[in-house]
Protein chains: 2
Amino acid sequence: MTDQRAIGVFDSGVGGLTVARALEAALPHERLIYLGDTARVPYGTKSADTVIRYSRQIARFLLAYDVKYIVVACNTASAHALDALRAELDVPLMGVIAPGARAAAERAELGAVGVIGTIGTVASRAYQRALQALRPELVVFSQACPLFVPLAEEGWGNHPVTAQVARHYLSALQRDSGVLDTLVLGCTHYPLLAEAIADAAREVFGREVDLVDSASAAADDVVRDLAERGLGADAATADGGGGGGDGGAPAQRSRFFVTDDSRFGELATRFLGRRVDGEPAEL
Amino acid sequence: MTDQRAIGVFDSGVGGLTVARALEAALPHERLIYLGDTARVPYGTKSADTVIRYSRQIARFLLAYDVKYIVVACNTASAHALDALRAELDVPLMGVIAPGARAAAERAELGAVGVIGTIGTVASRAYQRALQALRPELVVFSQACPLFVPLAEEGWGNHPVTAQVARHYLSALQRDSGVLDTLVLGCTHYPLLAEAIADAAREVFGREVDLVDSASAAADDVVRDLAERGLGADAATADGGGGGGDGGAPAQRSRFFVTDDSRFGELATRFLGRRVDGEPAEL
């Protein structure tokens, strides 16, 4: 059984491109329809009600492109809106929090896990619930890191300021948690700061800390879920229904929509690893 | 001639509260209707088209409250949307860029002025045009400082990271400009970082640099413009048309609307200098 329809992917902006990149690598026959809500980014400082309202508008947009599956490639939207969308929509959905929690629960050897994310994700306690559902004995410590998103968008991954900000946040976490071996990057922007975060963690916790990237964990879970549901595309006819002829790989026929295009091209290169132009979307 | 109707004030979020604060101090008989578009903040990284569309929606909201005047208390919206709003609306409008440019042109003794602001404000070159219209011989150097808004919203005005970020941006400005005596804070968030910016400027430029706060310059110009137009309120009846009886000063009867209320109370205390709760607004 195959299904040649596209997979919808959305995020508050460009961070979800780290998920799109992992999906393209893991699922070379799938086409993606990506929507980055760049006009209203960031979601991490907004209330749950606002994030749910925006997520509904985006799901409606993606369904108009007849997607077979929706990946909520944003931790804040996963925390606040995934349950509401699942209750309302007929297509299967995957967020990034359950996969990130699964990966962390598999890897944590000490009894405690750290989670860093936006104000909204941390306040939702969604990682805490997901981790404790998997391993009830785990103690979960969280720290909101609101400056990480703008630092990632500025491309300051290797700037000394980012190192100092990372030490600030991880020290605050460490004062609560004591030693940790596993730290969830609970925001799709954070993989771009992974080196600075790993260095700060080594310094603050006095040991190597395993960083769990929820983007690649989510891609793994989407691969498994698509196969179980018989929703995967195959190579032969995955041409978008247009009769083929352009000859590109499916990933090159993926489409990327944005609600504001002012910096998408520049940021996409950083997050997706290749240049794409954003097509304008009206929600 | 007096006019007891309220003054509308809007911003992408909380930064415009620095303008509201200056207006309340300068015009104690006026009531304000403030709209902070906190659901879609920041505007500084968005395209002109998006900022114009959002500004129109907000002006419509304020006019439903029968405002007599609108203050665009946001540099990015002033840069991109003020001309469009003036062409479409019957009420007078004041932005923050013309007042900030006027104050800077009055104060600059050397032949160069520096302007720091968001990506959108700097790219618009609006300060450059306004300054050169006043003093054609002035050379204007600009620097976008995208991390200043999140640092101000985090309350990191006195944090060493802010000092380091300020040195980074002002050094980049100095490499273009050479020595300056006048620097326009071209974003309503920046007054909260004034101390760090002044310290960095002293270090980078090797002299005291006069920081021009466009918020207080705009309040001065609104006072003058209201008087010239005969639109000022007087103390006796400035009760919002409701028959009086609550006995508060007009400022205490000002109303503050937000499109997302998740952090407004906390941030308002920092920016307005007193606690207010945001009333929900649907645009």
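The values are calculated or read from the model by the stated rules, or taken from the named source; none is laboratory data. Owing to the predicted nature of the structure, the values given are computational and were not obtained by experimental measurement. Using ideal geometry, Cβ is built from the backbone for each residue, glycine included, and neighbour counts are taken over all protein chains shown.
A few points about this structure:
- Any hit, the range B:46-66, residues being under 14 Å from B:A81 (Cβ atoms), at pLDDT below 95 and within 13 Å of the chain's Cα centre (by Cα): no
- Taking the criterion of being among the small types (G, A, S) and closer than 16 Å to A:T45 by Cβ, the residues of the range B:11-37 that qualify are B:S12, B:G13, B:G15, B:G36.
- Among the conditions (1) touching a helix residue (DSSP H, G or I) at 6+ places or on another chain (Cβ under 7 Å); (2) within 14 Å of chain A (Cβ to nearest Cβ); (3) over 23 Å from B:V19 (Cβ atoms); (4) touching a residue at least 24 places away in the same chain (Cβ under 8 Å), B:Q164 misses just one, which is (4).
- Cross-chain or 6+ apart pairs with Cβ under 7 Å, the range B:254-268 first and away from chain A (no Cβ under 11 Å), then among the aliphatic types (A, V, I, L, M) and outside any helix (DSSP H, G or I): B:S254/B:L32; B:R255/B:I33; B:F256/B:V276; B:F257/B:L35; B:F257/B:A281; B:A268/B:V14; B:A268/B:V276
- If you go through the range B:93-128 and keep only what is polar (S, T, N, Q) and more than 23 Å from B:A200 (Cβ to Cβ), you end up with just B:S124.
- Subset of the range B:160-180 (residues that are surrounded by 18 or more Cβ atoms within 10 Å (Cβ to Cβ) and part of a loop (DSSP other than H, G, I, E, B)): B:L180
- Selected residue (criterion: nearest to B:P191 (Cα to Cα)) from residues of the range B:213-230 that are surrounded by fewer than 17 Cβ atoms within 10 Å (Cβ to Cβ) and hydrophobic (A, V, I, L, M, F, W, C): B:V223
- Candidate set: the range A:55-66, residues that are touching a residue at least 40 places away in the same chain (Cβ under 8 Å) and more than 14 Å from A:F257 (Cα to Cα); chosen: the one surrounded by the most Cβ atoms within 10 Å (Cβ to Cβ): A:S55
- The residues listed here are A:P99, A:P92; of these, the one that is more than 14 Å from the chain's Cα centre (by Cα) and under 17 Å from A:L23 (Cβ atoms) is A:P92.
- Condition check for B:I119 on (1) buried (at least 24 other Cβ atoms within 10 Å of the Cβ); (2) within 14 Å of chain A (Cβ to nearest Cβ); (3) aliphatic (A, V, I, L, M): one failure, at (1).
- Applying the set (1) surrounded by fewer than 21 Cβ atoms within 10 Å (Cβ to Cβ); (2) closer than 30 Å to B:T50 by Cα to A:E106 leaves exactly one unmet item: (2).
- Considering the range A:235-283, the residues that are aliphatic (A, V, I, L, M) and in a loop (DSSP other than H, G, I, E, B) include one that is modelled with the highest pLDDT, namely A:A281.
- Taking the range B:14-32 as the range and being over 15 Å from the mean Cα position of the chain (by Cα) and either under 20 Å from B:H80 (Cα atoms) or buried (at least 24 other Cβ atoms within 10 Å of the Cβ) (or both) as the test, the residues that pass are B:E30, B:R31.
- Number of positions in the range A:126-159 that are free of Cβ contacts under 8 Å to residues at least 60 places away in the same chain, of a type in the set (A, V, I, L, M, F, W, C), within 14 Å of another protein chain (Cβ to nearest Cβ) and in a helix (DSSP H, G or I): 2
- Any chance B:R60 is out of contact with any Asp or Glu (no Cβ under 6 Å at 6 or more places or on another chain) and charged (D, E, K, R): yes
- Residue within the range A:125-141 that is over 18 Å from the mean Cα position of the chain (by Cα) and within 30 Å of B:A144 (Cβ to Cβ) present: no
- For the criterion of being part of a helix (DSSP H, G or I), hydroxyl-bearing (S, T, Y), in contact (Cβ under 8 Å) with a residue 24 or more places away in the chain and touching a strand residue (DSSP E or B) at 6+ places or on another chain (Cβ under 7 Å), A:T121 passes.
- Just so you know, in the range B:39-72 the residues that are outside any loop (DSSP other than H, G, I, E, B) and over 24 Å from B:S254 (Cα atoms) include one that is farthest from the other protein chains (Cβ to nearest Cβ), and it is B:I52.
- When every residue of the range A:206-223 is checked against the conditions, at least one turns out to be away from every other protein chain (no Cβ under 14 Å), modelled with pLDDT of 95 or more and touching a Phe, Trp or Tyr at 6+ places or on another chain (Cβ under 9 Å).
- Among the residues listed as B:V179, B:V204, the single one being touching a residue at least 60 places away in the same chain (Cβ under 8 Å) and more than 20 Å from B:R270 (Cα to Cα): B:V179
- Only residues that are facing chain A (nearest Cβ under 9 Å) and in a helix (DSSP H, G or I) were counted in the range B:18-38, giving 0.
- Taking the conditions (1) hydrophobic (A, V, I, L, M, F, W, C); (2) part of a helix (DSSP H, G or I); (3) more than 16 Å from B:G15 (Cα to Cα) in turn, B:V115 satisfies each one other than (2).
- Reported count of residues in the range B:8-57, each being over 30 Å from A:A281 (Cα atoms) and among the basic types (K, R), is 2.
- Output for the range B:106-123, where each listed residue is small (G, A, S) and over 16 Å from the mean Cα position of the chain (by Cα): B:A108, B:G111, B:A112, B:G114, B:A123
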